[in-house]
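S.K.: Here you go, one structure.
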Amino acid sequence: MDAARLKQSWSLVAAHGDQVPLFFYSTLFLAHPDTRQMFPTNMAGQRDRLVAALGHIVSHVDEVDRLSGFLGSLGADHRKFAVRAEHYPLVGEALLATLRHFLGDRWTEELSRDWAAAYGLVSQVMVGAAQAAEAVHPPWWVAEIVGHERRAFDVAVLTLRPQYLLPFTAGQSIGVSHPAVRSWRYYSPANAPRADGTVELHVRAAPGGAVSSRLVYGCAVGDQLHLAAPVGDRLTLRQAGSADLLLLAAGTGWAPVKALVEQVAAEGSGRRVALYVGARTRTEFYDGDAIDKLASSFPWLSVTCVVGADLHRPGELTHPVDRALADGDWRSRHVFVCGSDEMVSHSVAALSGAGYQAGRLHHEGSGRHWYGPTWRTVVDQATVSRTGDERLAR
Ligand code: HEM
């Protein structure tokens, strides 16, 4: 297998832009109409998720050893799309047909053999990991919506009851999909694991976000959702040992932070926690009652609500970090930051500037995705920014 030739031929094909996924999906769905139901309902104008990754990853077959952990997670995760081993040859066929079409007379027998072999090797790792994952957890959990409250025009708090236990750790994220939409989006539960297994989600409808809009505007108690296995550990307490904490949250970034507070309460470890929760205006504190209840329940917890917009300074926003830094020196603590990208980068810059050690700052960085970094980051070992619709919703 000549990996350089694979990469070079893929870059020639990828140069055809949107035509490539269009051809690939038409070929796949025409030959195997059953596969259509695995993909999002609305694929018109959808940014391609699969094809670019497929060509890029398969053409890096020479690094399959280095990539095996990542490919294993990817294969195990593909179970949530209802992908089974027998689907791999079908996608392989469509990939080769796509390459042949765009390479024209540059397509040779040798290239065909190399692509088939590379695809076979990558598929083998993914299928093997998917089979191993069968023994660990189901491809997805069916969960019923048992609570749905619109707390703001575009924010809903949902309580879900999975049909069987979905184990997770406070600060992790779980995949959520509505069966009618079939796209997946990741949310951090707003609770520590509960005895009754229910999960609370805080969802803001993102502009153009099929899943989030459906969850906020188009769901009701009694509806069913699909949940995927929990991922990520950047925001779990494991990162902080037994240290005292400073928690900074804004918007629906409050959800994982609330889960952390509940986790500290459940631990009974005696660590002290200072919590700063921000919103642009007073009415944007969509979970005020829960914040008040936590504040009055635990002597080890101090809570400060920061209203960001100041009428006297239009255009400027006070972030929770600004207030926390003005209030005290928290450098001996571990700091968890959760909110929009802008809030997180502002907070991290402010904390770093004030001498807080990077190793004590916990947040979701950019270039990360549900199984960790984005596929491109892993494959190229370079940092790329997260794409809007894949990142965690805040
Ligand atoms: C070598 C084999 C494969 C590789 C490297 C691969 C890679 C990927 C990657 C990186 C994604 C993006 C994940 C995300 O953004 O959440 C993806 C999505 C997806 N893949 Fe695969 N995949 C492979 C095989 C397959 C097969 C055999 C199927 C079955 C038809 C499949 C169905 C899907 C679906 C349904 C999605 C979600 C697409 C969307 O939401 O637009 N993949 N794949």
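The values are calculated or read from the model by the stated rules, or taken from the named source; none is laboratory data. Since the structure is predicted, the reported quantities are computational estimates derived from the model, not experimental observations. Please note: Cβ atoms are built from the backbone with ideal geometry, for glycine as well, and neighbour counts cover all protein chains shown. When the accessible area is computed, the model is the full protein with side chains, heavy atoms only, and any ligands, DNA or RNA have been set aside. Shrake-Rupley method; radii C 1.70, N 1.55, O 1.52, S 1.80 Å.
S.K.: Could you check how many residues of the range 132-168 are outside any loop (DSSP other than H, G, I, E, B) and either within 18 Å of residue 209 (Cβ to Cβ) or away from the ligand (no atom under 16 Å from the Cβ) (or both)?
M.R.: Pass one, the range 132-168, residues outside any loop (DSSP other than H, G, I, E, B): 132-134, 141-152, 155-162.
Next cut, either within 18 Å of residue 209 (Cβ to Cβ) or away from the ligand (no atom under 16 Å from the Cβ) (or both) only: 132, 134, 141-152, 155-162.
Number of matching residues: 22.
S.K.: Something else now. Please go through (1) within 10 Å of the ligand (Cβ to nearest atom); (2) on the phi < 0 side of the Ramachandran plot; (3) in contact (Cβ under 8 Å) with a residue 40 or more places away in the chain for residue 52 and return the number of the only condition it doesn't satisfy.
M.R.: (3)
S.K.: Do you know which of the residues in the range 56-85 that are near the ligand (Cβ under 9 Å from one of its atoms) and more than 25 Å from residue 227 (Cβ to Cβ) is most open to solvent (accessible area, probe 1.4 Å)?
M.R.: 56
S.K.: Here are 230, 207: which of them is open to solvent by 10 Å² or more (accessible area, probe 1.4 Å), within 26 Å of residue 346 (Cβ to Cβ), modelled with pLDDT under 95 and under 24 Å from the mean Cα position of the chain (by Cα)?
M.R.: 207
To keep it simple, each residue is scored yes or no on (1) outside the structural domain of residue 265 (by TED's automatic domain parsing); (2) within 28 Å of the chain's Cα centre (by Cα); (3) open to solvent by less than 50 Å² (accessible area, probe 1.4 Å).
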residue: 287; (1), (2), (3): no, yes, yes
residue: 301; (1), (2), (3): no, no, yes
residue: 306; (1), (2), (3): no, yes, yes
residue: 312; (1), (2), (3): no, no, no
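S.K.: Still on this structure, please answer the following. Of the numbered conditions (1) surrounded by 16 or more Cβ atoms within 10 Å (Cβ to Cβ); (2) near the ligand (Cβ under 10 Å from one of its atoms); (3) touching a residue at least 60 places away in the same chain (Cβ under 8 Å), residue 27 fails exactly one; give the number of that condition.
M.R.: (2)
S.K.: Here's something else I'd like to know. So which residues in the range 169-190 are polar (S, T, N, Q) and either surrounded by fewer than 20 Cβ atoms within 10 Å (Cβ to Cβ) or assigned to a strand (DSSP E or B) (or both)? Give the derivation first.
M.R.: Filtering the range 169-190 for residues polar (S, T, N, Q) gives 169, 172-173, 177, 183, 188.
Matches in the range 169-190: 169, 173, 177.
S.K.: Where residues in the range 342-357 are modelled with pLDDT under 95 and out of contact with any Asp or Glu (no Cβ under 9 Å at 6 or more places or on another chain), which of them is surrounded by the most Cβ atoms within 10 Å (Cβ to Cβ)?
M.R.: Restricting to residues being modelled with pLDDT under 95 and out of contact with any Asp or Glu (no Cβ under 9 Å at 6 or more places or on another chain), the top hit is 343.
S.K.: Taking the criterion of being touching a residue at least 12 places away in the same chain (Cβ under 8 Å), within 27 Å of the chain's Cα centre (by Cα) and assigned to a helix (DSSP H, G or I), would at least one residue in the range 1-13 satisfy it?
M.R.: Scanning the range 1-13 turns up no residue that is touching a residue at least 12 places away in the same chain (Cβ under 8 Å), within 27 Å of the chain's Cα centre (by Cα) and assigned to a helix (DSSP H, G or I).
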